[in-house]
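*Asks:* Sharing a structure with you now.
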């Protein structure tokens with residue numbers, strides 16, 4: 001069943017007929033995103049393989065369109081927290097299952113993602129879990145339920161175990177980067193360092209020797225076939241961008257394209273890098289827009305982290321901005337070795353950052369407090385009227 005299409009059509013119809021609040025606005029992030037979408041539309045006719053490119057272009061446009069729709073219909077703190085819970089629950093399902101599997105098998109087998117999705121591969125599911133762990137941490141910091149806090153802690157550890165159990169070297173680098181940024185953003189650095197070290201030792205202690213042998217190839221990448229193939233694909237993407245202003249379009253890893261631009265024509269593989277993937281598909285202009293987009297998201301998340309500390313009502317925004325930066329750091333490092341340029345989780349983090357900035361700039365907490373006070377006053381009035389005797 002076309003579940004995603006049905007949901008998207010329902011949302012678009014609801015957007016047209018709803019009387020609820022809607023927000024049409026342009027920010028740095030949304031402006032660059034729309035320009036990037038326009039640029040992908042411009043490069044599409046210049047694709048080397050138009051039919052294959054059109055299919056992927058259609059998929060990417062649908063994802064980005066729903067990102068823009070979400071920015072229109074979501075606006076409150078409740079909306080943002082519910083979105084985070086949906087993201088966390090959706091990925092934690094695979095993280096908890098994969099973490100238990102890794103522990104039960106002693107890390108002897110790889111963890112894989114759901115078939116037919118962006119994160120079907122072991123490398124892809126690992127990066128997705130690395131990126132969702134900071135969102136779990138945000139929920140843990142902002143929830144008042146001790147039981148939920150404990151469940152989130154267990155979930156974070158199992159997601160980390162699943163990411164390690166994927167045997168992805170890029171995920172290991174991403175986890176290390178995320179841990180460093182998470183420690184740096186922590187208020188209690190000594191305690192955070194102890195917890196990170198203890199958790200890391202506990203997770204790594206039961207991994208088999210085969211896992212360690214694979215991780216050691218990070219230092220000897222020259223002797224590793226997989227790493228050499230990635231470098232070959234990166235050089236090919238660079239050569240394509242140099243010779244073609246609009247890039248080669250989606251699906252550049254075709255034999256005829258590799259024969260023209262790859263240093264090793266017989267070795268034809270995907271770029272396995274969010275940066276070189278965009279470079280080969282949409283040229284230097286596309287890469288510039290892609291980097292500008294995430295640089296702006298990072299800056300806005302940093303602004304949330306700093307300005308949210310000024311008032312008690314906005315402290316949760318400070319925690320949200322900090323955890324979004326931690327997640328983006330994992331994406332920036334882990335994505336350097338994976339073809340996840342258009343995966344929707346980073347773009348959902350973009351949604352959270354943009355909504356958070358709008359909530360902060362519009363002083364939405366004042367409006368929400370006024371609405372809560374009005375509801376409380378109405379409730380008290382009804383209670384008083386019910387308690388009073390009737391005129392008869």
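*Asks:* Could you pull out every one of the helices (runs of 4 or more DSSP H) wholly within region 178-245 that has 3 or more residues that are at pLDDT 75 or above, surrounded by 12 or more Cβ atoms within 10 Å (Cβ to Cβ) and at negative phi?
*Replies:* Counting at least 3 such residues, we get 189-205, 225-243.
*Asks:* Is there a residue being assigned to a helix (DSSP H, G or I), within 27 Å of residue 209 (Cα to Cα), out of contact with any strand residue (DSSP E or B) (no Cβ under 8 Å at 6 or more places or on another chain) and modelled with pLDDT under 85 anywhere in region 159-169?
*Replies:* Pass one, region 159-169, residues assigned to a helix (DSSP H, G or I): 159-165, 169.
With within 27 Å of residue 209 (Cα to Cα) added as a condition, the list becomes 159-165, 169.
This time we only want the ones that are out of contact with any strand residue (DSSP E or B) (no Cβ under 8 Å at 6 or more places or on another chain), so: 159-165, 169.
Among the residues that remain, those that are also modelled with pLDDT under 85 are: 169.
Taking every residue of region 159-169 in turn, at least one turns out to be assigned to a helix (DSSP H, G or I), within 27 Å of residue 209 (Cα to Cα), out of contact with any strand residue (DSSP E or B) (no Cβ under 8 Å at 6 or more places or on another chain) and modelled with pLDDT under 85.
*Asks:* Is it the case that region 101-119 has a residue that's touching a residue at least 60 places away in the same chain (Cβ under 8 Å), exposed (fewer than 15 other Cβ atoms within 10 Å of the Cβ) and outside any helix (DSSP H, G or I)?
*Replies:* yes
*Asks:* Still on this model: For region 254-272, name all the residues that are modelled with pLDDT of 80 or more, on the phi < 0 side of the Ramachandran plot and crowded, with 19+ Cβ neighbours inside 10 Å.
*Replies:* Keep residues of region 254-272 that are modelled with pLDDT of 80 or more, which gives 254-264, 272.
Still in the list and also on the phi < 0 side of the Ramachandran plot: 254-264.
Scanning region 254-272 gives 257, 258, 261, 262.
*Asks:* Could you check residue 291 against (1) over 22 Å from residue 142 (Cα atoms); (2) touching a helix residue (DSSP H, G or I) at 6+ places or on another chain (Cβ under 7 Å) and say which number it fails?
*Replies:* Every condition holds for residue 291 apart from (2).
*Asks:* Does residue 83 fit the bill of being modelled with pLDDT of 95 or more, under 18 Å from residue 353 (Cβ atoms) and surrounded by fewer than 19 Cβ atoms within 10 Å (Cβ to Cβ)? Lay out the reasoning, then the answer.
*Replies:* On the way: modelled with pLDDT of 95 or more: yes; under 18 Å from residue 353 (Cβ atoms): yes; surrounded by fewer than 19 Cβ atoms within 10 Å (Cβ to Cβ): yes.
Yes.
*Asks:* Based on this model, can you work out whether residue 297 counts as more than 24 Å from residue 173 (Cβ to Cβ) and either under 14 Å from the mean Cα position of the chain (by Cα) or at pLDDT below 90 (or both)?
*Replies:* no
*Asks:* Consider only pairs whose beta carbons are under 7 Å apart and that are at least six residues apart or on different chains; among these, list those whose first residue lies in region 8-22 and is farther than 18 Å from residue 64 by Cα and whose second residue is outside any helix (DSSP H, G or I).
*Replies:* Partner pairs satisfying both residue conditions: 21/75.
*Asks:* Ok, one more. Considering only region 1-50, how many residues are more than 28 Å from residue 278 (Cα to Cα) and part of a loop (DSSP other than H, G, I, E, B)?
*Replies:* The number of residues fulfilling the criteria is 9.
*Asks:* Since residue 75 meets every condition but one in (1) more than 16 Å from the chain's Cα centre (by Cα); (2) in a loop (DSSP other than H, G, I, E, B); (3) surrounded by fewer than 18 Cβ atoms within 10 Å (Cβ to Cβ), which condition does it not meet?
*Replies:* Failed condition: (3).
*Asks:* Counting just the residues of region 265-294 that are assigned to a helix (DSSP H, G or I) and farther than 16 Å from residue 248 by Cβ, which one comes out nearest to the chain's Cα centre (by Cα)?
*Replies:* 294
*Asks:* Tally the residues that are free of Cβ contacts under 8 Å to residues at least 12 places away in the same chain, touching a helix residue (DSSP H, G or I) at 6+ places or on another chain (Cβ under 7 Å) and in a helix (DSSP H, G or I), restricting the search to region 128-154.
*Replies:* Number of matching residues: 1.
*Asks:* Let me ask something else about it. Can you tell me which residues in region 82-97 are in contact with a helix residue (DSSP H, G or I) (Cβ under 6 Å, 6 or more places away or on another chain) and either over 16 Å from residue 345 (Cβ atoms) or free of Cβ contacts under 8 Å to residues at least 12 places away in the same chain (or both)?
*Replies:* 96, the sole residue that qualifies.
*Asks:* If you don't mind, another one. From 335, 321, which residue is in a helix (DSSP H, G or I), closer than 21 Å to residue 67 by Cα and at pLDDT below 90?
*Replies:* 335
The values are calculated or read from the model by the stated rules, or taken from the named source; none is laboratory data. Note that the coordinates shown come from a computational prediction; the quantities given were computed from them, not determined experimentally. Ideal geometry is used to build each Cβ from the backbone, glycine not excepted, and the neighbour counts take in all protein chains shown.
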